[in-house]
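Chemist: First the structure, which I've put down as structure tokens, then a few questions once you've had a look.
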């Protein structure tokens, strides 16, 4: 039985063509229709996101480095009595 790789395993390099192939295949599996220009834009953003993720993984952050919870404002506008909408 194959053991899963740890999360910090070095990923295989993704070329622009591999990213585009991945985006095209994933879109097809999800039933999404993307023209060539749209698929290329998605691939660019995916590549950028993958690069950022690799940089974060290499930063050696620990649990104590986790940022605080993201601020989440109450829904707007509030009812007249000031209580949040439900």
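Where a number appears in this text, it was derived from the coordinates with a stated rule and is not lab data. As the structure is a prediction and not an experimental result, all values here were calculated from the model. Because the Cβ atoms are built from the backbone with ideal geometry, glycine has one as well, and the counts that use them run over all protein chains shown.
Chemist: Taking the highest mean first, how do the peptides 13-22, 64-73, 49-58 order by number of other beta carbon atoms within 10 angstrom per residue?
Modeler: Those peptides, ordered most packed to least, come out 13-22, 49-58, 64-73.
Chemist: Under Stokes-Einstein, with the Kirkwood radius over Cα pairs standing in for Rh, what whole-number D in µm²/s applies to the range 16-58 at 37 °C and 0.692 mPa s?
Modeler: Roughly 305 µm²/s, to the nearest whole number.
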